Amino acid sequence: MLSLKRALAIGILVFTLFLRPDEPLWAQCSVCRTSVENSEDPSGGNIARGINNGILYLMVIPYLFVAVTAVVVLRMRKRRQQKEASS
């Protein structure tokens, strides 16, 4: 079983890799905006709605990752404290 320090270090490393700035990723924002502005959608905004849903989906993933990591770390700490208390 991983030690708490090792698990925390791995979590921080993975989290840092996800936050690494990458120029081509930031460039896509203007491309999306331009495609929505220039789109001729007769149905009345389904493209814009789809882009907004995609943005929300991408925004939720990091928060979900942090929440799951926090739950795992807290459970590991709780189990360790229970083992130490019973010994």
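Which pairs have Cβ atoms under 7 Å, sit 6 or more apart or on different chains, and link a residue in the stretch 60-73 that is in contact (Cβ under 8 Å) with a residue 24 or more places away in the chain to one that is in a helix (DSSP H, G or I) and among the charged types (D, E, K, R)?
So the pair list comes out empty.
Just for the stretch 52-87: of the residues that are among the β-branched types (Val, Ile, Thr) and modelled with pLDDT of 85 or more, which one is surrounded by the most Cβ atoms within 10 Å (Cβ to Cβ)?
Applying the first criterion (among the β-branched types (Val, Ile, Thr)) to the stretch 52-87 yields 55, 60-61, 66, 68-69, 71-73.
Now narrow it down to the ones that are modelled with pLDDT of 85 or more: 60-61, 66, 68-69, 71-73.
Values: Val60: 10, Ile61: 10, Val66: 13, Val68: 11, Thr69: 17, Val71: 10, Val72: 12, Val73: 14.
Ranking the qualifying residues of the stretch 52-87, first place goes to Thr69.
On the given criteria, is Glu37 assigned to a helix (DSSP H, G or I), loosely packed, with under 10 Cβ neighbours inside 10 Å and at pLDDT below 85? Talk me through it step by step, then tell me what you get.
On the way: assigned to a helix (DSSP H, G or I): yes; loosely packed, with under 10 Cβ neighbours inside 10 Å: yes; at pLDDT below 85: yes.
It is true that Glu37 is assigned to a helix (DSSP H, G or I), loosely packed, with under 10 Cβ neighbours inside 10 Å and at pLDDT below 85.
The values are calculated or read from the model by the stated rules, or taken from the named source; none is laboratory data. Computed from a prediction, not measured in an experiment: that's the story for all the values here. As a convention, Cβ positions derive from the backbone with ideal geometry for all residues, glycine included, and neighbour counts pool all protein chains shown.
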